[in-house]
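Each reported figure results from applying straightforward, stated rules to the coordinates on display, with no laboratory input. All figures in this text were calculated on a predicted structure; none of them were measured in a lab. Because the Cβ atoms are built from the backbone with ideal geometry, glycine has one as well, and the counts that use them run over all protein chains shown.
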Amino acid sequence: MSRVPTGRSFGRVSALVGPLVEVKGLEELAIMGALFGITPHVGKPLLAEVVGFRGETALLMPYHFQDGIGPKCRVSFVSHHPAIYPHTSWQGRVINAHGEPLDGKGALVWGNDVYATRTPPLPAHRRAGVKERLSVGVRAVDTFLTCCKGQRMGIFAGSGVGKSSLLAQIARYATADVIVIGLIGERGREVRDFIDEQLGPEGMKKCVLVVATSDESAPTRREAAYMTMTIADYFRDQGAEVMCLMDSVTRFAMALREIGLAAGEPPASKGYTPSVFAELPKLLERAGPGLEGHPGSVTGLFTILVEGDDHNEPISDAVRGILDGHIILDRTIAQRGRFPAIHVPHSVSRMVPACHSPDEQELVIKARASLSTYDDMADLIRLGAYKRGASPEVDEAIRLNPPLEAFLSQKLHEHTSMDDAFLALHQIFDGKT
């Protein structure tokens, strides 16, 4: 943003209502998403974004809290849209929603090409097909929920069930060339723990981390999601196989809701405004294969914070319809100490039939059937109401459950290749474990 000339036009603050700053005199340059600098009566200048209009009055929301702003404060034009100049040297760095470094490692190197952060997805008719499968190093995902390059998957879970730990595990061991991670609305303490403990120095080497904590403004949290996707787009354009991890889409939606309500949009389901549901596919569809004939893709893995463990709440329902599969983390499984707490029978990858060999597909079908049978009978088995011999299928599910549970359990710093994962699953059904 420092490369964009400022001060070409200005207006004045006319009112301040909650998080909104009303400005008059910007009729010529104020468009939705444009950036303006506000010079407060006290304190440093603030960057703000146009989020709506009321007649000829522009409605702005600052990226930082607006102490010192009052009537007649000068508002100067900055840019028609947020943009960055990404560079390959950004791997291993931690940045904020505006492309500024947070890790104390000095200034970022700027590239030569400008990338607007709110570009539309690539045209569907010009995109390549989904590519070969991608190993993420997590046995449960690599076998039952195999992911292909250019696929979009969601991790759905309530709070405290292990979403961030699973993301860190995938970031450490995924076979992608570049990992771009967006932590949207995370608690500040958890950001440091994610970087230092869960990801670690080795995991950070091929990662670019974009961070906007929960105490930052709604426009900043929203912009962090766009920034994450833009950096992923850049590395895809360089021919890299990119994995984009975002935690979480729900907090991005909450930021959109906060902005929409402040700008006067009517609330819909659970208070979410109509623009939230219009914006979600624009963000999520940016992940996917690159253009036909060009190398590079963005494989997206997005977490969805399920409010009250209700998987049919509005954001979960909307996102599930956009993505190519969903991984369900179950609180009951987490409470009994099995991590990652993936509920395999309730989880689906829509690419699985295309990326498994016939033998692998047959094996996964058998394992899913066994897990589902045990899940259906679990209460009766624990109560002792089921008598062995009543059903061969249930007897077999009881026999296979301990080794399958051990197979699905995996420590944070434990890595298993996809080939070794399928071999271990074969051995369970061959009676060798």
Item to check | For ASP193, net neighbour charge (Lys/Arg +1, Asp/Glu -1) across residues whose Cβ lies under 11 Å away | outcome: -1
Item to check | Theoretical FRET efficiency, 1/(1+(r/R0)^6), r = Cβ-Cβ of SER357 and GLU27, R0 45 Å, to 0.05 | outcome: 0.10
Next on the checklist: Tell me the angle of helix 418-429 to the major Cα principal axis of the chain, expressed in degrees between 0 and 90 and rounded to the nearest ten.
Outcome noted: 30
Checklist entry - Can you give the relative contact order of the chain as a percent, counting alpha carbon pairs under 8 Å and 6+ residues apart? => result 17
Checklist entry - What share of the DSSP beta bridges in the chain is antiparallel, in percent to the nearest 5? => result 55
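First obtain the Kirkwood hydrodynamic radius of region 358-430 from its Cα pairs, then insert it into the Stokes-Einstein equation at 10 °C and 1.306 mPa s, and state the resulting D in µm² per second as a whole number.
Translational diffusion coefficient: 118 µm²/s.
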Checklist entry - What order do you get for 204-212, 16-24 when each peptide is scored by the mean count of other beta carbon atoms within 10 Å, highest first? => result 204-212, 16-24
Checklist outcome for this item: Connecting every pair of Cα atoms under 10 Å apart in the chain and solving the GNM, the largest mean-square fluctuation among ALA225, ALA168, ALA318 falls on ALA318
Checklist outcome for this item: Final fewest-first order of SER349, SER159, SER316, SER297 on the 10 Å Cβ neighbour count is SER159, SER316, SER349, SER297
Checklist entry - Rounded to the nearest 500 deg cm²/dmol, what is the calculated helix-only ellipticity per residue at 222 nm for the chain, with -39500 (n - 2.57) per DSSP H run of length n ≥ 4? => result -10500 deg cm²/dmol
Checklist outcome for this item: the chain, Gaussian network, Cα under 10 Å: of ILE170, ILE95, ILE333, the residue fluctuating most is ILE333
Next on the checklist: Just to verify a number: FRET efficiency for GLU197 and GLN335, C-beta to C-beta distance, R0 = 22 Å, to 0.05?
Outcome noted: 0.50
Checklist outcome for this item: Filtered pair list for region 83-355 (Lys only, Cα < 20 Å, 8 or more apart or interchain) has a length of 5
Item to check | Charge sum, other residues only, whose C-beta stays under 14 Å from ILE259's C-beta, Lys/Arg counted +1 and Asp/Glu -1 | outcome: -1
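Write down the Kirkwood hydrodynamic radius of region 10-79, to one decimal in angstroms, obtained as one divided by the mean of 1/r over all alpha carbon pairs.
11.4
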Checklist outcome for this item: At R0 = 30 Å the Cβ-Cβ FRET efficiency linking THR39 and HIS81, nearest 0.05, sits at 0.90
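For LEU383 and ARG189, compute 0.36 nm times the residue count separating them, minus their Cα-Cα distance, and round to one decimal in nm.
65.7 nm
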Checklist entry - Distance from the Cα centre of region 220-293 to that of region 106-155, in angstrom? => result 14
Next on the checklist: If the elastic network links every pair of Cα atoms under 10 Å, which of ASP359, ASP196, ASP420 fluctuates the most in the Gaussian network model of the chain?
Outcome noted: ASP359
Checklist entry - If we sort 325-331, 229-235 on the protection proxy, mean other Cβ atoms within 10 Å, highest first, what's the order? => result 229-235, 325-331
Checklist entry - Working out 0.36 nm times the residue gap between LYS270 and ASP309, then minus their Cα-Cα distance, what length gain in nm do you get to one decimal? => result 12.6 nm
Item to check | Values of log10 I(q)/I(0), in the order q = 0.07, 0.08, 0.09 Å⁻¹, for the chain under a Debye, Cα-only, solvent-free model | outcome: -0.38, -0.49, -0.61
Next on the checklist: Using only the alpha-carbon atoms, how far is helix 249-262 inclined from the longest principal axis of the chain? Give it as 0 to 90 degrees, nearest 10.
Outcome noted: 30
Checklist entry - So what's the gap between the Cα centers of region 61-75 and region 359-433, to the nearest angstrom? => result 59
Next on the checklist: Just to confirm the number: angle between the C-alpha axis of helix 358-383 and the first principal axis of the chain, 0 to 90 degrees, nearest 10?
Outcome noted: 80
